[in-house]
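The values are calculated or read from the model by the stated rules, or taken from the named source; none is laboratory data. The structure presented is a predicted model; accordingly, all values stated were derived computationally and were not measured. Counting neighbours? That spans all protein chains shown, and the Cβs are built from the backbone with ideal geometry, glycine included.
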Amino acid sequence: MAYTVPKLKDFSPAALDGAVAELLSALEEESAQPGNADARKAFRDRWLARKDGILTQINELWLKAAPKDAKRDVGQRVNKLKAEVEQKVEAALEKKPAASADTSLDISLPGIRRPIGAEHPIIRTMNEIVGVFKNLGYSVAEGPVIETDYYNFEALNFPPNHPARDTQDTLFLANQETKPRREQLLLRTHTSPVQIRTMEKMRPPVRIVIPGKVHRNDPPDASHSPMFHQVEGLAVDTNITFGDLKGTLDHAMKALFGSSAKTAFRPSFFPFTEPSAEMYVSCFICGGSGKRGSDPCRPCKQTGWIEILGCGMVDPNVFEFVKHNGYDPEKVSGFAFGMGIDRIAMLKYGLDDLQLFFQGDVRFLEQFG
Ligand code: DAH
């Protein structure tokens with residue numbers, strides 16, 4: 001029960017002592033209770049407010065009501081008590097920390113629920129691909145998006161000024177001219193540099209997948225973006241063959257696109273693989289027929305096949321760059337592959353405009369929630 005100032009009948013020193021003690025103990029109790037800004041003001045007003053505060057009431061109920069012969073004693077006591085109460089209230093207000101405003105927290109209210117975002121369709125596709133390889137025992141590696149010329153090109157067997165560099169329209173960082181060529185910074189054009197970074201750190205055998213962002217100087221349109229995504233793969237061990245590459249990738253495509261997916265390999269060229277190939281998967285839109293009903297299948301351009309990745313056997317010249325870490329090309333062999341995620345995600349979700357992925361339009365993105 002909150003303290004109320006009693007009307008006094010007995011004005012004897014003992015009764016007054018008791019009344020004062022009771023009031024001070026109530027004050028002490030209330031001083032200890034923490035409060036927010038509102039509670040602090042209410043506390044102050046309750047005790048000190050001119051109009052009807054406890055000190056004012058004491059004046060009325062104790063001093064004014066005191067019989068003549070007790071007036072002097074009561075007056076002195078009330079004066080002393082007023083000073084004491086004022087000082088204690090101020091002290092309590094100073095002590096009550098501002099942080100106690102937090103106690104306005106009502107834990108019985110429902111919490112503030114932030115809407116849970118949806119996984120971006122590109123990240124989801126990336127995670128699905130990575131998941132397939134994780135199930136095969138691959139681990140995941142990542143590397144920097146701002147890369148050196150050495151990792152992006154040189155150690156991948158693109159010699160300086162080699163025309164193969166022209167196939168990757170590179171975005172270079174400004175003011176790099178004074179640095180030696182191999183230290184010059186650029187935005188990585190593919191995830192392949194992480195092959196080298198991984199082999200520098202891990203001795204063979206390695207089996208890794210590398211998801212990540214890459215950049216090329218391609219103007220944005222419905223099927224191009226200066227920023228896109230890749231998942232790279234690398235397996236190095238003794239006696240790895242092209243048969244392992246085909247078997248692994250064929251399995252992965254069946255896991256991703258369904259057990260009826262077929263794969264086909266065509267010779268190609270990449271500086272860091274020899275031999276190199278492009279891998280195609282039977283069109284998962286038309287099932288490989290090249291037709292949708294009587295209409296031509298557009299995603300596969302009526303061929304029944306979709307080009308999905310580049311791959312090959314790691315070129316011995318690449319191993320030379322990491323030979324010191326156990327990659328003697330005479331002893332180990334390996335395969336590598338790299339695929340673009342954005343186009344796969346477009347096909348998967350039936351989009352005709354790549355830019356939708358990057359415009360941040362919530363009406364588009366929330367469909368994936
Ligand atoms: N890095 C190549 C690109 O972006 C793709 C690629 C091809 C990666 C063959 C590989 C590979 O690992 O073996 O065009």
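Below is a table of values for the structure above.
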item	result
Residue identified as among the hydroxyl-bearing types (S, T, Y) and surrounded by 13 or more Cβ atoms within 10 Å (Cβ to Cβ) among T178, T198	T198
Scan of the range 94-128 for residues that are surrounded by 16 or more Cβ atoms within 10 Å (Cβ to Cβ) and modelled with pLDDT under 85, ordered by number	K96, S100, A101
Tally, over the range 327-362, of residues that are away from the ligand (no atom under 16 Å from the Cβ), buried (at least 16 other Cβ atoms within 10 Å of the Cβ) and more than 24 Å from the chain's Cα centre (by Cα)	3
Answer from E119, E147, E142 - the residue that is touching a residue at least 24 places away in the same chain (Cβ under 8 Å), within 22 Å of Q367 (Cβ to Cβ) and not hydrophobic (A, V, I, L, M, F, W, C)	E119
Checking A118 against (1) within 30 Å of L347 (Cα to Cα); (2) touching a helix residue (DSSP H, G or I) at 6+ places or on another chain (Cβ under 7 Å); (3) within 13 Å of the ligand (Cβ to nearest atom), the condition it does not meet	(3)
Unique match (being in contact with a strand residue (DSSP E or B) (Cβ under 9 Å, 6 or more places away or on another chain) and part of a loop (DSSP other than H, G, I, E, B)) among T178, T198, T170	T170
Total residues in the range 280-338, condition out of contact with any Pro (no Cβ under 9 Å at 6 or more places or on another chain), in contact (Cβ under 8 Å) with a residue 60 or more places away in the chain and β-branched (V, I, T)	1
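To keep it simple, each residue is scored yes or no on (1) crowded, with 20+ Cβ neighbours inside 10 Å; (2) within 16 Å of the ligand (Cβ to nearest atom); (3) over 28 Å from V332 (Cα atoms).
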{"position": "A222", "(1), (2), (3)": "no, no, yes"}
{"position": "D244", "(1), (2), (3)": "no, yes, no"}
{"position": "H251", "(1), (2), (3)": "no, no, no"}
{"position": "S259", "(1), (2), (3)": "no, no, yes"}
{"position": "F269", "(1), (2), (3)": "no, yes, no"}
{"position": "C283", "(1), (2), (3)": "yes, no, yes"}
{"position": "S294", "(1), (2), (3)": "no, no, yes"}
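One line per residue, one yes/no per condition, for (1) assigned to a helix (DSSP H, G or I); (2) surrounded by 14 or more Cβ atoms within 10 Å (Cβ to Cβ); (3) not aliphatic (A, V, I, L, M):
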{"position": "A2", "(1), (2), (3)": "no, no, no"}
{"position": "A19", "(1), (2), (3)": "yes, yes, no"}
{"position": "L27", "(1), (2), (3)": "yes, yes, no"}
{"position": "D45", "(1), (2), (3)": "yes, yes, yes"}
{"position": "R50", "(1), (2), (3)": "no, no, yes"}
{"position": "V78", "(1), (2), (3)": "yes, yes, no"}
